[in-house]
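**Student:** For reference, the structure I am asking about is given below.
The values are calculated or read from the model by the stated rules, or taken from the named source; none is laboratory data. Here the structure is a predicted model, which means the values were calculated and not measured. Here the Cβ positions follow ideal geometry from the backbone for every residue, glycine too, while neighbour counts run over all protein chains shown.
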Amino acid sequence: MRLCLVGIAALVVTTTAIAQAPGPVTPESLVIAAKRAAGQDYAGTFLRICVAPNNLDGGRAGRGAANPAPAAAAVPDRATWYAQPYKVFDNLYFVGTRIHSSWALTTTQGIIVIDTLYAYASEPEIVDGLTKLGLNPRDVKYVVISHAHGDHDQGAAVLQSRYGAKVVMGAADWDSTLQRPATAAGGVPKRDVVVGPEGTKITLGDTTVNVVATPGHTPGTLSFTFPVKDRGRTLMVAYSGGTAFNFPRQAQAFAVYRDSQKKMAEAARAAGATILMSNHTEFDRAYDRVRIAQLPRAAGERHPYETDVATVQRYFEMTGNCAEAQRLSMN
């Protein structure tokens, strides 16, 4: 009887080991893994980049640092994009649109603005938004650009020329930005703080933003980790600088993107990040969360942006797996 039980136990262990053993890595298995990592937290992003990635035209749509804003006559109806500014954390304010995010991180020595929207939105959302929130646009000392597409960088030149803010951008994105004509929407910022592959740190007063070079979405894409305070309690943010697959459909391009996701996951883990943010509100539900943050919270109730380290890590696992699935599908 004892031998029989030992045999059954061994069979159970063997069967379990076989079931848990990873099979061959295929595009399909990676998509399944990405879906599991996404869960309900990142279901929309999973659909956008893993199920229907927008790179099937070879990267022509939305590609390059000169990604233009609509002509003046074609500026979208304000009602479709304008959002009220909001104080979201003790030291972080939303000054973005319903579609694109821009944030003002306040410090003891001034303001760091993260991303600057299309030219048509930067004045009403950022400049006027700061004023409505009781902040002074003249206190903006740094403008940190996640990547050089018009929906994130066209307000940079105004903040630089009007208020003397230093513009921070990835080296490769600076190179392409400076090729824009002087008539480009929003103007062209002057080369200022250049971030290379090693990344950098931007310190202003009591706050340091860790800038991580994460090429992929553009050659000079930057991502960030930085602290925010929620009712005096410090939390860490991981800010993804570029998400969609709107770059040329080449295996190497997907490999670069994949490796950047791993790099950013490591930076987020090292920082202990429990908050995931992006520069498109569809990817982190920013427009919903900033409004929910205005509602009363019960004692002990978490901020609507706060999750945990594992949940933030799942975001980068998902994006990395989606990119690798695309790379393998090309072989």
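**Student:** Quick check: is even one residue across the range 292-302 under 20 Å from Phe94 (Cβ atoms), at pLDDT 95 or above and assigned to a helix (DSSP H, G or I)?
**Tutor:** Yes, the conditions are met somewhere in the range 292-302.
**Student:** Now for a separate question. When you scan the range 105-125, how many residues do you find that are of a type outside the set (Asp, Glu) and closer than 28 Å to Phe247 by Cα?
**Tutor:** Qualifying residue count, the range 105-125: 9.
Listed here are the residues, each with its yes/no results for (1) under 20 Å from the mean Cα position of the chain (by Cα); (2) polar (S, T, N, Q); (3) at negative phi.
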{"position": "Asp153", "(1), (2), (3)": "yes, no, yes"}
{"position": "Val158", "(1), (2), (3)": "no, no, yes"}
{"position": "Leu178", "(1), (2), (3)": "no, no, yes"}
{"position": "Ala185", "(1), (2), (3)": "no, no, yes"}
{"position": "Arg191", "(1), (2), (3)": "no, no, yes"}
{"position": "Gly199", "(1), (2), (3)": "yes, no, no"}
{"position": "Thr208", "(1), (2), (3)": "yes, yes, yes"}
{"position": "Pro219", "(1), (2), (3)": "yes, no, yes"}
{"position": "Arg231", "(1), (2), (3)": "no, no, no"}
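**Student:** For Gly96, state whether it is assigned to a helix (DSSP H, G or I) and crowded, with 22+ Cβ neighbours inside 10 Å.
**Tutor:** Here the answer is no, as Gly96 does not meet what is asked.
**Student:** Of all residues in the range 85-118, which are under 22 Å from Pro296 (Cα atoms), out of contact with any helix residue (DSSP H, G or I) (no Cβ under 8 Å at 6 or more places or on another chain) and not aromatic (Phe, Trp, Tyr)?
**Tutor:** Lys87, Asp90, Asn91, Leu92
**Student:** Among the residues of the range 200-214, what is the count of those that are among the small types (Gly, Ala, Ser) and within 10 Å of Gln109 (Cα to Cα)?
**Tutor:** Residues flagged as among the small types (Gly, Ala, Ser) and within 10 Å of Gln109 (Cα to Cα) within the range 200-214 amount to 1.
**Student:** Take the range 244-277 and flag every residue that is surrounded by 23 or more Cβ atoms within 10 Å (Cβ to Cβ) and either part of a loop (DSSP other than H, G, I, E, B) or not hydrophobic (A, V, I, L, M, F, W, C) (or both).
**Tutor:** Matches in the range 244-277: Phe245, Phe247, Tyr257, Ser260, Gln261, Ala273.
**Student:** Of everything in the range 70-102, what is over 22 Å from Gly187 (Cβ atoms) and in contact with a Leu (Cβ under 7 Å, 6 or more places away or on another chain)? Give them in sequence order.
**Tutor:** Scanning the range 70-102 gives Pro85, Lys87, Asn91, Leu92, Tyr93.
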